[in-house]
1. Residues with amide H under 5 Å of V114's amide H, sequence separation 5 or more or different chain, H placed in the peptide plane at 1.01 Å from N; which?
2. Just add up the charged neighbours of S97: K/R +1, D/E -1, any other residue whose Cβ is under 15 Å from the Cβ of S97.
3. Taking neighbour counts of Cβ atoms within 10 Å as a proxy for exposure, in what order, fewest first, do D194, D184 appear?
4. If you wrap a convex hull around the Cα atoms of the range 6-74, how much volume per residue is inside, in Å³?
5. Any idea which of V104, I205, A78 is furthest toward the positive side of the dipole for the chain, if Lys and Arg beta-carbons carry +1 and Asp and Glu beta-carbons -1?
6. Would you grab the residues whose amide H sits under 5 Å from the one on I209? Only those 5+ places off in sequence or on another chain, please, with H modelled 1.01 Å from N.
7. Give the lysines whose C-alpha is closer than 21 Å to that of K99, dropping any in the same chain fewer than 8 places away, or say none.
8. For the chain, what relative contact order do you get, as a whole percent, if you take Cα pairs closer than 8 Å and at least 6 residues apart?
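Read the figures in this text as sums done on the coordinates, not as results from a lab. The structure displayed is predicted, hence computed values, not measured ones. As a convention, Cβ positions derive from the backbone with ideal geometry for all residues, glycine included, and neighbour counts pool all protein chains shown.
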Amino acid sequence: MNQVTKSDGTVGKALALLDEVASIGRPVRFTELLSKSVYPKATLYRLLQTLTNQGMLGYDPVRQEYSLGVRLVRLAHAAWQQSSLAPIARPFIDALSAKVGETVHLSQLDNGQVLYVDKRNALSPIDMFSQAGKVGPGYCTGVGKVMMAFLEQKQQDRAIGQQAFLAYTDNTLTTPEALRTELDEIRNVGVSFDREEHEPHIICIAAPILTKSGRVVGGMSITSSTHRHSLADLEKMKPDLLATAQQIGEAAESWHFPENRN
């Protein structure tokens, strides 16, 4: 759940509660929310009632469960169109996916984490964690590392401080020092790799999407499986990946994206 400060007031509490319901990933009962909540029972109930009345949450009186409301679907669609790279980038990532025959991910950075805003599947897609709308860790994904590598130092320091450094696999970077070393290398070579750091057998090569001034507006990756490709195979796709990232960056110059929340 995102941190709520005193100045955020009731709105901040309500949004944090929405995050909590969303993170559970299924309809949830009041008792379960109460067991996780930092709020008193009466406060939690009042927040749930307000969110339900406003259509931000739905409530099933038979099952006595809360779930995300349809109003959020409309807001999410509007946000996708207005605040994400996806509408601008889609024709470029479609073309790249078709050319290389692999899955292409488009991402933006949100509080140091990876928000997947689009995913274009190749003819033979493989099962993996990421899909549009999901949030993944920054420190052990190719797109997360490459976006962090090109942040200004102050932003990068903050993003590193927001990482959990859990070991998902034997290849996961688990310390800030190891991550900093890799970010320096990524900045030098221009791309990053996911070496089965988040999921076994899933590998990728990733590039930043930058404005002409060097501001990070997103990241993109070509993702495959060790059953089909090696990291050396993916490296051969680097020219096409970088060219596409540059095209998207140029197309995004006239679009006013929100600043990355890092």
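1. Counting only residues 5 or more places away or on other chains, the set is G136, G138.
2. Numbers: positive: R90, K99, K119, R120, R228; negative: D94, E102, D118, D240.
So the environment of S97 carries a net charge of +1.
3. Numbers: D194 24, D184 10.
Exposure proxy ranking, most exposed first: D184, D194.
4. On the way: hull volume 6.2 nm³, N = 69.
Convex hull volume per residue, Cα atoms: 89 Å³.
5. A78
6. Answer set, sorted by chain and number: V217, G218, G219, M220.
7. Answer for K99, where 21 Å is the Cα cut-off: K119, K236, K238, listed by chain and number.
8. 16
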